[in-house]
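Asker: Provided herewith is a single structure, encoded as structure tokens, for subsequent inquiry.
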Amino acid sequence: MRKNHGFQLRRGLDPRIRLPLVDLAVPVLRQNSAKECQRLCKCIHGLVVATGSLSLWHFVLQLILWHRLQPSINPISATTVEFTSIEEIWSDSLLVLSVIARVGHSQPDASSEDIAYAFRSGVFRLPKAGEQEKPDTPLICNFTELKKSIDRLRLATPKLKQAIVNACAHTVLLDNKVTQSEADLLRAIAMTLDCPIPPFLNPQRSVSKQKQSSLQRS
């Protein structure tokens, strides 16, 4: 009974405040031991496995929590720079932009041409795009492959990582609409790459509006 009640609460939560609430919870979670933080990440992964499917939201949640709790899980670890040129991470950048483009045009009325155009527009925002091989259509991948590419991008220079986040943001804003899925994924990528969150996402505004709405109803 309690399990069903928790599921009802999760379903009733406004999607716009899910990640801001995770951000608020992270400082408290970091007070736990390394073993407890690691167990939490494994439990979330286990819940996803138990459901038999990995949704975009579950992927985003795992990505952010694992990254934000790393200082507690492994305090002495440090991200080293292994890639200093876009050529070394070109395929990884294309894969991330492919997912961003598909997520932003997942509506039933979206056409393959719209997805391809959004993808190509993002690609041309990458450094030295004119010198690289550029596919006409987005790449196909799963969440495991996406996670591997994001992990590789974490090893790039700060300048390259920021350029990739900017290209992702351009892809999202191309149609002047930002879906909640786009916002969640873009925020997760920016956080994981330790880049500033694009200002148009403005998570704090969503939390404030939600609080004001709750106060008005009460």
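Asker: Starting from segment 113-161, pick out the chymotrypsin sites (Phe, Trp or Tyr not before Pro) whose DSSP state is loop and whose Cβ has at most 13 other Cβ atoms within 10 Å.
Answerer: When the chymotrypsin sites (Phe, Trp or Tyr not before Pro) of segment 113-161 are filtered for loop state and at most 13 Cβ neighbours within 10 Å, PHE124 remain.
Asker: A further question on this structure: With every atom except the alpha carbons ignored, what do you get for Rg and Dmax of segment 65-192, in angstroms?
Answerer: Gyration radius and largest Cα-Cα distance of segment 65-192: 14.7, 49 Å.
Asker: In the P(r) worked out for segment 102-169, what percent of Cα pairs fall beyond 21 Å?
Answerer: Roughly 30 percent, once rounded to a whole number.
Asker: Quick one: Cα convex hull volume of segment 15-128, Å³ per residue?
Answerer: It comes to 149 Å³ per residue, whole-number rounded.
Asker: For a label point 7 Å from the Cα of LEU54 along Cα→C-beta, name the residues of segment 148-171 whose backbone N is under 20 Å from it.
Answerer: Taking a point 7 Å out along Cα→Cβ of LEU54, the residues of segment 148-171 whose backbone N falls under 20 Å are 148-155.
Asker: Quick check: net charge around LYS42, other residues with Cβ under 11 Å of its Cβ, Lys/Arg +1 and Asp/Glu -1?
Answerer: Charge balance near LYS42 sits at +1.
Asker: Around THR157, which amide H atoms from residues at least 5 apart in sequence, or from another chain, sit under 5 Å from its own amide H, with H modelled in the peptide plane?
Answerer: Correct list: PHE83.
Asker: Between SER91 and ASP114, how high is the FRET efficiency from 1/(1 + (r/R0)^6) when r is the Cβ-Cβ distance and R₀ = 22 Å? Nearest 0.05.
Answerer: 0.40
Asker: For GLU145 and ASP14, calculate 0.36 nm times their separation in residues minus their Cα-Cα distance, and state this gained length in nm to one decimal.
Answerer: Net length gain for the segment: 44.3 nm.
Asker: Give me the extension gain from ASP175 to ILE44: residue separation times 0.36 nm, minus the current Cα-Cα distance, reported in nm with one decimal.
Answerer: 43.8 nm
Asker: Quote to one decimal, in nm, the extra length available between THR84 and ALA129 on full extension: 0.36 nm per residue of separation minus the C-alpha distance between them.
Answerer: 14.7 nm
The numbers here are math on the coordinates, done by the rules we state, and not lab data. Remember, predicted model here, so these are calculated numbers, not experimental data. Every residue, glycine as well, gets a Cβ built from its backbone with ideal geometry; the counts of neighbours run over all protein chains shown.
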